[in-house]
Amino acid sequence: MTRRVLKFGGTSVGDLDRIAHVAGLVEADAAEGGGRAVVVSAMAGETDRLIGLTRAIAADSRVDVADEYDAVVAVGEQVAAGLLAMALRARGLRARSWTGAQAGLITDGPHAAARIAAWDAGAVGAAVDGGEIAVVAGFQGATRDGRISTLGRGGSDVTAVALAAALGAERCDVYTDVDGVYTTDPRIEARARRLDRISYEEMLEMASLGAKVMQTRSIELAMAHKVPVRVLSSLAGPGDDNPGTLICEEDAIMEKRIVSGVAYARDEALVSVLGLPNDPDRLAGVFARLGDAGINLDMIVHGRARTPHAVNVAFSVGRADLDRALALIDGAKAELGFELTETRTDLSKVSVVGVGMRSHASVAKVMFGALAEKGVGVDAVTTSEIKISALIPDDHTELAVRALHAAYGLDAA
Ligand code: ADP
Ligand code: ASP
Ligand code: MG
């Protein structure tokens, strides 16, 4: 029997009316035949509220409460799953809610940022094949010793794609508050266009560079297991024209374009280590300390210092990692022998993404030309085969996103 997984995000199940609306969408989809599993997020704002409660009671960061944090925040998804199952039954459908653990999702890794280790979806699969709609709480699972765990913010996307893979589903439909993946965040640029299709690779870059429409790890999973993912609107009515965006293999995309999208991420920080002796061991020492502490670096700028035999090296990190990174480097000042560190926290990152870049030389020219024309200064740059990112002052984020969107011809006509 064909199976399909549907996922609804927080805004889509934000109140009881929306949940009733979602039940109508699920009913219409199920009427096409085959088994249906539905993954839900917590009602909008609920996860933030629950996190706030844990912060209020566990203000002392020396006390380890990570496992209880998971026990608290996982509740949001359970509420939404139970309510949606009720709304489906109210329509005369057979439906039951499942917690992540009941659905067979086993995790490992740290609490609050667990990874999926295995998914024994046999029971869910049997239920959906028997015609019951399985409403699964996203974001949560259980450790091997049976404790509740959570997958990190935005984790319901991961649950949905992983369940689709475990069930061998034909597709994972991600219903959200926009009607697809856009050329950039439609909240910033009203001229952004919905893409009919986007490749896994491009979506992975867009997500990791800040486009929060899909959580990064969910796209890694979709790519690894070849799960077609469709992003579409939960605001449309059942039966409305709602094609969304298909995230799929690159060769299934006919439209040829150089740049597919522009992404941005706020909360970037740059640490400069100035006057480091020009010696490969010292340079290695800087990055060894950061790497050993599990701190992810993004951009690295390396150049000569004004004093002879010294270099300046700067690296960017997420603002959440800044204090730790700085403490590690400053703590090793004597061994590393640099003069001083400087930090900047008023930065964000804008990126252009597109598989067409592989074969086009002018992408950087257009990018830096557009930023220069708007007077946007660039503090660091990084590239991969299919993206270029620039670190810029954060008060220029919107300006830069719109300028790049226009420069690559992405604006809607
Ligand atoms: P959900 O609660 O359904 O998981 P999210 O808030 O996580 O929804 O993601 C949807 C939001 O992602 C949109 O409201 C939009 O503002 C934002 N977004 C950022 N970049 C893009 C993009 N390129 N295309 C579509 N939406 C985007
Ligand atoms: N409710 C969780 C969050 O807000 C998971 C999700 O919505 O995907 O991060
Ligand atoms: Mg989301």
Using θ = phi - 60° and the Karplus relation 6.51 cos²θ - 1.76 cosθ + 1.60, list the HN-Hα couplings for region 365-380 in order, rounded to whole Hz, with x at every Gly or Pro. 4, 5, 4, 6, x, 5, 5, 5, 4, 8, x, 8, x, 10, 9, 6
Bin by bin, in steps of 5 Å, what percent of the Cα pairs in region 217-269 do you find, going until the bin that has the longest distance? 4, 13, 16, 19, 20, 17, 8, 2, 1, 0
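Using the Cβ atoms and a cut-off under 11 Å, what net charge is assigned to the surroundings of ASP145, where Lys and Arg are +1 and Asp and Glu are -1? Each step should come with its number before you reach the end.
On the way: positive: ARG144, ARG147; negative: ASP67, ASP108.
Net charge in that neighbourhood comes out at 0.
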Per residue, what volume in Å³ does the Cα convex hull of region 97-180 take up? 97
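Going from the alpha-carbon gyration tensor of region 329-387, what semi-axes, largest first and in whole Å, does one get by taking the root of 5 times each eigenvalue?
Numbers: eigenvalues 216, 51, 18 Å².
Here the semi-axes work out to 33, 16, 9 Å.
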Over 27 Å (Cα to Cα) among LYS226/LYS256; LYS212/LYS333; LYS212/LYS256; LYS226/LYS349 -> LYS212/LYS333; LYS226/LYS349
Range of Cα positions in region 253-353 per principal axis (Å), largest first: 56, 28, 25
Set of aspartates and glutamates near LYS7 by C-alpha distance (under 15 Å), chain-local residues within fewer than 8 positions excluded: GLU27, ASP29, GLU77, ASP157, GLU170, ASP173, ASP177, ASP179
Helix-only estimate, please: 222 nm mean residue ellipticity of the chain, summing -39500 (n - 2.57) across DSSP H runs of length 4 or more and dividing by its residues, to the nearest 500. -10000 deg cm²/dmol
Which angle from 0 to 90°, rounded to the nearest 10, does the C-alpha axis of helix 322-331 make with the longest principal axis of the chain? 40
Does region 188-299 classify as rounded, prolate or oblate by the C-alpha gyration tensor (a ≥ b ≥ c root eigenvalues; a/c under 1.5 gives rounded; else a/b over b/c gives prolate, otherwise oblate)? prolate
Give me the angle, in degrees from 0 to 90, between the Cα long axis of helix 397-407 and the longest principal axis of the Cα atoms of the chain, rounded to the nearest 10. 80
List the extent of the Cα atoms of region 72-217 along each of their three principal axes, largest first, rounded to whole Å. 44, 40, 29
Compute the distance from the alpha-carbon center of region 130-180 to that of region 384-413, in whole Å. 32
Where a ≥ b ≥ c are root eigenvalues of the Cα gyration tensor, a/c under 1.5 meaning rounded, otherwise prolate if a/b exceeds b/c and oblate otherwise, region 184-251 counts as oblate
What is the antiparallel percent of DSSP beta bridges lying wholly in the chain, to the nearest 5? 60
One checks the Cα atoms of the chain and finds Rg and Dmax, in Å, of 23.2, 79
Which angle between 0 and 90 degrees, to the nearest 10, do you get for helix 16-30 versus the longest principal axis of the chain when only C-alpha atoms count? 70
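A short reminder: the numbers here are calculations on the coordinates, not readings from a lab. This is a predicted model, so every value here is computed, not measured. Don't worry about glycine lacking a Cβ; one is built from the backbone with ideal geometry, like all the others, and counts go over all protein chains shown.
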